[in-house]
1. Any residue in region 139-150 that is within 14 Å of Asp125 (Cβ to Cβ) sitting within a Cβ distance under 9 Å of a residue that is among the basic types (Lys, Arg) and crowded, with 17+ Cβ neighbours inside 10 Å? List the pairs, counting only those 6 or more apart or interchain.
2. Which condition number does Glu151 fail, the rest of (1) within 26 Å of Ala15 (Cα to Cα); (2) more than 18 Å from the chain's Cα centre (by Cα); (3) surrounded by 12 or more Cβ atoms within 10 Å (Cβ to Cβ); (4) among the acidic types (Asp, Glu) being met?
3. Taking helices (runs of 4 or more DSSP H) that do not extend beyond region 1-109, which have at least 1 residues that are among the small types (Gly, Ala, Ser) and in contact with a Pro (Cβ under 7 Å, 6 or more places away or on another chain)?
4. Among the residues of region 28-46 satisfying the criterion of being surrounded by 18 or more Cβ atoms within 10 Å (Cβ to Cβ) and closer than 20 Å to Thr84 by Cα, which is farthest from the chain's Cα centre (by Cα)?
5. What number goes with the only condition from (1) modelled with pLDDT of 90 or more; (2) surrounded by 15 or more Cβ atoms within 10 Å (Cβ to Cβ); (3) hydrophobic (A, V, I, L, M, F, W, C) that Ala106 does not pass?
6. Taking the condition over 21 Å from Ile163 (Cβ atoms) and of a type in the set (Phe, Trp, Tyr), does Tyr49 pass?
7. Whether any residue in region 41-62 is aromatic (Phe, Trp, Tyr) and either in contact (Cβ under 8 Å) with a residue 12 or more places away in the chain or under 15 Å from Val101 (Cβ atoms) (or both) is what I want to check.
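The values are calculated or read from the model by the stated rules, or taken from the named source; none is laboratory data. Note that the structure is a prediction, hence the values are computed from the model and not measured. Using ideal geometry, Cβ is built from the backbone for each residue, glycine included, and neighbour counts are taken over all protein chains shown.
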Amino acid sequence: MRVYVPLTLPGLAEAHKTGELGPGPLVAYAVTPGLREWYLSDDIEELEYAALSRAALASLRLLSADPGAARRRVVVAVDVPDRTAAADPDRGLDPAAPGEVRVTGAVPLAKAAAVHVDAEEAGSDVTAAVAALAAADGGDDDAQFVVDGAEDHELLWFARQEIPNLVGTGD
């Protein structure tokens, strides 16, 4: 199963240092029955893009908890055995949870299929989105518009081998 793990650049640097995403359980996003119902599509590419987008929103939430992190969303796409990723049935009805899964245990970073990261130019919109998250969660339509503005920036695709350059180690 392909899952999308939300991170920040410091989180990606830590994963690079340790060689794994973890420890588990990890919150990730995948094409689940709940996501299929929420997104109303049978096109697997669209559904995977929706899961990636959900992970990018979760990355915004991680950024709000880490004021020192560079304001760039980070999502790692990784393939895991189906038995290691499951949706939480208690969160199934939560509108914030479409596609959310828990991955048991740590995942070797070597299993990453790709890393998706905002371009530096997205920084001001991502910063504004992080600042607007709480108000958007409270139902403020203007704040939601600001949060949605971060989604106007497509995440860039990087190969796993490019992680050292992304996190500034240049190994």
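1. So the pair list comes out as Ala150/Arg73.
2. Single failed check for Glu151: (2).
3. In region 1-109, 33-39, 44-64 are the helices (runs of 4 or more DSSP H) which contain 1 or more residues that are among the small types (Gly, Ala, Ser) and in contact with a Pro (Cβ under 7 Å, 6 or more places away or on another chain).
4. Looking at residues that are surrounded by 18 or more Cβ atoms within 10 Å (Cβ to Cβ) and closer than 20 Å to Thr84 by Cα, I get Gly34.
5. For Ala106, the exception is condition (1).
6. Details: over 21 Å from Ile163 (Cβ atoms): yes; of a type in the set (Phe, Trp, Tyr): yes.
Yes: the conditions hold for Tyr49.
7. In the first step, residues of region 41-62 are kept if they are aromatic (Phe, Trp, Tyr); the result is 49.
Filter once more, so that each one left must be either in contact (Cβ under 8 Å) with a residue 12 or more places away in the chain or under 15 Å from Val101 (Cβ atoms) (or both): none.
The answer is no; no qualifying residue exists.
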